[in-house]
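Accompanying notes for the structure given below.
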Amino acid sequence: MVTISFASDAERNRLLEGDPGTRVAGTSGGESYTVVKANGGGYVAVNRMCPHLGRIEFSGERGSSNGEWIKCSLHTQTWSLKTGEGVDQYDRALPIEGSIKVLQVLECDGEFSISTD
Ligand code: FES
C-alpha cells in the first residue's frame, strides 16, 4: 500500500466529510490522482487529469462526480468509477475512445492509501 498525500488537512477532511462524488487532488508514489468518495462507501483514485487532451483536472471546477461516475465538462465524457469504461458522452461530435484506470483506496483513521494488490 502506498500512502496518499493531500495539499492540506482541510482537503483531507473535505474528502472524509463530503458527500459521495467529493473529489480531492492527491499524490502517491510520485503520481498525481483525483481521489473520489464512492457512492455506497469507500474511495477510489483515478488520474488527476482527464485523459483526453490531458488539460482538465478531474478534481477541479471542470470535473464532476456522483460517486458512480466521473465526468470532464470540456467534452462531457463520463467514465464509470467501477470499471473505468466510458459510459456516456453528450458531445457526440467528438468521440473519445478509451478508459481510465480506477484504483481502490483504503482509508483508516483518516489516512488514505492506494492498494497495490
Ligand atoms: S478534455 Fe476531457 S473530455 Fe475532452
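What follows is calculated from the coordinates using simple rules that are stated; it is not laboratory data. What you see is a predicted model, and the numbers here were worked out from it, not measured in a lab. Every residue, glycine among them, receives a Cβ derived from its backbone with ideal geometry; neighbour counts consider all protein chains shown.
Which Cys in the chain stand alone, with every other cysteine's Cβ at 4.7 Å or more from theirs? By the Cβ distance rule, which asks for a partner under 4.7 Å, the isolated cysteines are 108.
Placing +1 on each Lys and Arg Cβ and -1 on each Asp and Glu Cβ, with no other charges, gives the chain a dipole about its Cα centre of roughly 320 debye. Binning the alpha carbon pair distances of the chain at 5 angstrom intervals from zero yields the distribution 2, 13, 24, 26, 19, 10, 4, 2, 0, 0, expressed in whole percent. Under the criterion of Cα pairs below 8 Å and six or more residues apart, the relative contact order for the range 2-114 equals 23 percent.
Phi angles of the range 3-10 translate, via the Karplus equation with coefficients 6.51, -1.76, 1.60 and θ = phi - 60°, into HN-Hα couplings of 5, 9, 9, 10, 5, 7, 5, 4 Hz per residue; Gly and Pro are given as x.
When the Cα gyration tensor is reduced to axis lengths a ≥ b ≥ c, the ratio a/c is 1.5 or higher for the range 8-76, and with a/b not above b/c it is classed as oblate.
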